[in-house]
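The values are calculated or read from the model by the stated rules, or taken from the named source; none is laboratory data. As the structure is a computational prediction, the values presented were derived from the model and not from experiment. Note: ideal-geometry Cβ built from the backbone for every residue, glycine included; neighbour counts use all protein chains shown. To get the accessible areas, we keep the full protein, side chains included, count just its heavy atoms, and leave off ligands, DNA and RNA. Shrake-Rupley method; radii C 1.70, N 1.55, O 1.52, S 1.80 Å.
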Amino acid sequence: MQALAQQPSSRRLQFSGFSKRSFAPVVRAHVLSRKASSSRKASGVHIDFAGVLVRSEYEQQGMVHNTSHSYFTDESGLLLRLQRDIDPNDESTIAGWNKVLELGQVLAFKDVLVLPFDSKVNCAVVSWSQPTLQEKNGHSNDKRIRTLQKWIESDDAERTCATVLASFEAGLPLYCRLPQRTEIAVGYILAIRSRVVGVGVNEYSGQYRSGSAADHSFEIDVDCGGGSNVIVATCSRAVLSQTIEMHLDPASHNGAALDLKDLLRQSGGVLAPCDMANLNLLFAESGILFQVMLRRQTASLEILQITPADIGALAALYLEALK
């Protein structure tokens, strides 16, 4: 009879790269998700994680499936999103999943797939995959789960979860590391001016003549502080057209919004003075507080996206900051 081989020591196992299986904190998921962002695809890495559920929503993906987005945090105040595709016709799975997603409770999952980081909302992303299982907290002796269950009973947990949720809904992530040279501003659009680069002026007619390299964009003044803090940034025709189409009333000024959207989509030159006046009037009279995503260039700012700010969420975030 052959003797059993001696079990390796814990020190040798550590040097070999072995680590005892445990539920990772959200910050560990952030590190792995950021690493996956460099390849812009699923990392192939699976982890176990535990966190406190602060938000749950569904995103419809056609008739084939719905995607459940569940957001978790912990003592770090960082955010993690668990995505799960569910057949909308599978009522038993939907009912079972909705029963699991109890807000404010500690949930733990094994073998979730790490996906690239979502820099827009500043959260790590993991996905429910074939081997994924939910840990039954009531039967778990895991130290991490017990720590979180004790933490959620504290005042600190209540403040952290409320602040994280208010920050998410306001679109102003905490502990934010936005993409390089990207900034976020909140304010009212005061003025829009035509900006034409790469064109000349006909000395006889005095009209613009544009070449293939002409850049017919705009320069926009955004008031971020009651007139005392105005930033100036360039904006493309495409971004401005999209903003009008998605966020301004099409019936504004007898259909001016629709006409301006179509004009901006055309590949022609600068807008006529009357159209520029209508464009400024459309934004000025909308009364909308906008959230503007910008990219800082060497000597200027470029607008990447313009969306209405959620005033209620901004107010909630401000009140949380005062506590």
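Residue by residue, here is whether (1) at pLDDT 80 or above; (2) within 20 Å of residue 120 (Cα to Cα); (3) among the charged types (D, E, K, R) holds:
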site	(1), (2), (3)
270	no, no, no
275	yes, no, yes
284	yes, no, no
287	yes, no, no
299	yes, no, no
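Among residues of the range 275-288 that are within 17 Å of residue 237 (Cβ to Cβ), those with a Cβ under 9 angstrom from a residue that is open to solvent by 40 Å² or more (accessible area, probe 1.4 Å) and assigned to a helix (DSSP H, G or I), sequence gap 6+ or separate chain, pair up as 275/259; 275/263; 278/253; 278/259; 279/263; 282/253.
Quick check: is even one residue across the range 92-108 touching a helix residue (DSSP H, G or I) at 6+ places or on another chain (Cβ under 9 Å) and among the hydroxyl-bearing types (Ser, Thr, Tyr)? So far as the range 92-108 goes, no, none of its residues is touching a helix residue (DSSP H, G or I) at 6+ places or on another chain (Cβ under 9 Å) and among the hydroxyl-bearing types (Ser, Thr, Tyr). From the list 159, 146, the lone residue that is among the basic types (Lys, Arg), at pLDDT 85 or above, under 27 Å from residue 312 (Cβ atoms) and open to solvent by 70 Å² or more (accessible area, probe 1.4 Å) is 159.
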